[in-house]
Amino acid sequence: MKSWMSFLLSNDEYKRLKMLHFYAEGGVLLFIAMLVLFLTNDYFGLGPDVIVLLGMMVFIFYVSTRYMFAGIEYPDMTSEKSYRKEVRVTLMRSVTFLGIFSGFYLLLVDIPTTAEAWIDLAGIAIITSVVMFVSTFISLKRSYKKNRELL
Amino acid sequence: MKNNVKITRMKLSITQQHLARKVGVARQTIGLIEKGQYNPSLKLCIAIAKELDATLDDLFWEEEAE
C-alpha cells in the first residue's frame with residue numbers, strides 16, 4: 001500500500017506494521033493530550049508555544065519509547081559476538097557524539113568563561129550522550145533477546 | 001496461526017537468514033511467522049511457499065483433528 005509517509009516505514013512488513021501501530025497510537029494520544037489541554041488550559045494558562053511543544057513531546061516520546069522497547073530495531077542480530085560488537089559500536093558512537101557536540105559548541109557558539117558555564121555545557125553533552133547510549137542499548141538488548149527466542 | 005514453515009524449511013536445510021533474504025524480509029519476521037506470532041500478508045505467504053517449493057495448503061492450512 002502506497003502512502004506519502006512510506007519513507008518513514010521499513011521495507012520489512014512486520015516492522016512496517018509495528019511502526020504504523022506506534023504512529024497511530026501516538027496520534028491518538030496526541031489528540032487526547034490536546035483535548036485535555038483545550039478543556040483545562042483556562043486553569044493552567046499555558047501559552048500556545050508551550051502547548052505545541054508539549055504535543056510534539058507526547059508524540060515523539062511515545063513513538064520512540066514504543067520503538068525502543070519493541071525489539072525491532074536490530075531484526076537480524078542473533079549471535080552473541082555481533083551483539084557485543086554492536087554494544088561497543090554504540091558506546092563509541094555516544095562517546096564520539098560527546099566529543100563532536102562539545103567541539104562544535106566551543107567552535108560555533110561560545111567558549112564558557114565561568115565554571116558554571118563549563119558545567120552547563122558538560123551537563124548537556126553528557127546527558128545527551130548517556131540518553132543516546134541507554135536508548136540504543138535498550139533497543140539492542142530487546143532485539144537480541146527477541147531474536148534469540150525466535151531461533 | 002500454526003503453520004509448517006519451520007518444518008518445511010528445516011527439511012530443506014535452509015536457514016532463517018537465507019529464507020528471509022530470499023523473500024525480502026528480516027530474519028525476525030521469519031522467526032515470528034514460524035512461532036505463529038505474526039500472520040504474514042498473502043504476498044509474503046506466496047513468496048515463502050515458492051521459496052520452500054511448497055503450496056500454501058502445505059504451509060498454512062491447519063488440519064482439524066478428527
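Here, each number is a calculation from the coordinates, and none is a lab measurement. Not measured: the values here are computed from a predicted model. Cβ atoms come from the backbone with ideal geometry, glycine included; neighbour counts cover every protein chain shown.
What size of dipole, in debye to the nearest 20, comes out for segment A:80-149 about its Cα centre when the only charges are +1 on Lys and Arg C-beta atoms and -1 on Asp and Glu C-beta atoms?
About 780 debye.
Could you tell me whether segment A:23-151 comes out rounded, prolate or oblate from its Cα gyration tensor? Rule is a ≥ b ≥ c as square roots of the eigenvalues, rounded for a/c under 1.5, then prolate if a/b exceeds b/c, otherwise oblate.
Values: a/c = 3.69, a/b = 1.12, b/c = 3.28.
Verdict is oblate for segment A:23-151.
Normalised radius of gyration for chain B, please: alpha carbon Rg relative to 2.2 N^0.38 Å, two decimal places.
With N residues counted in chain B, Rg over 2.2 N^0.38 Å equals 1.02.
I'd like the distance between the alpha-carbon centres of segment B:1-55 and segment A:63-118, rounded to an integer number of Å.
35 Å
Return the single residue from A:40, A:78, A:113 with maximal mean-square fluctuation; model: Gaussian network over chain A, springs between Cα atoms under 10 Å.
A:113
Using just the helices of the protein assembly as shown, give the 222 nm mean residue ellipticity in deg cm²/dmol: DSSP H runs with n ≥ 4 each add -39,500 (n - 2.57), and the total is spread over all residues, rounded to 500.
After summing the helix terms and dividing by residue count, I get -23500 deg cm²/dmol.
Along the principal axes of its C-alpha atoms, what lengths does the protein assembly as shown span, in descending order and rounded to whole Å?
77, 48, 31
How big is the convex hull of the Cα atoms of segment A:80-149, per residue, in Å³? Intermediate results must be reported in sequence, preceding the final value.
On the way: hull volume 4.9 nm³, N = 70.
With only Cα atoms used, segment A:80-149 gives 69 Å³ per residue.
Give me the Å³ per residue figure for the convex hull around the C-alpha atoms of segment A:6-70.
Once divided by residue count, the hull of segment A:6-70 is 83 Å³.
Could you pull out every whole DSSP H run in chain A that spans at least 15 Å of Cα extent along its own axis and averages 1.0 or higher on the Kyte-Doolittle scale?
A:48-70
So which aspartates and glutamates pass the test for residue A:141, namely a Cα distance under 12 Å, with those fewer than 8 places away in the same chain ruled out?
Output for residue A:141: A:73, A:80, A:86.
Under a Cβ-only charge scheme (Lys and Arg +1, Asp and Glu -1), can you give me the dipole magnitude of chain A about the Cα centre, in debye to the nearest 20?
900 debye
How large is the charge dipole for chain B, taken about the Cα centre, if only the Cβ atoms of Lys, Arg (+1) and Asp, Glu (-1) carry charge, to the nearest 20 debye?
560 debye
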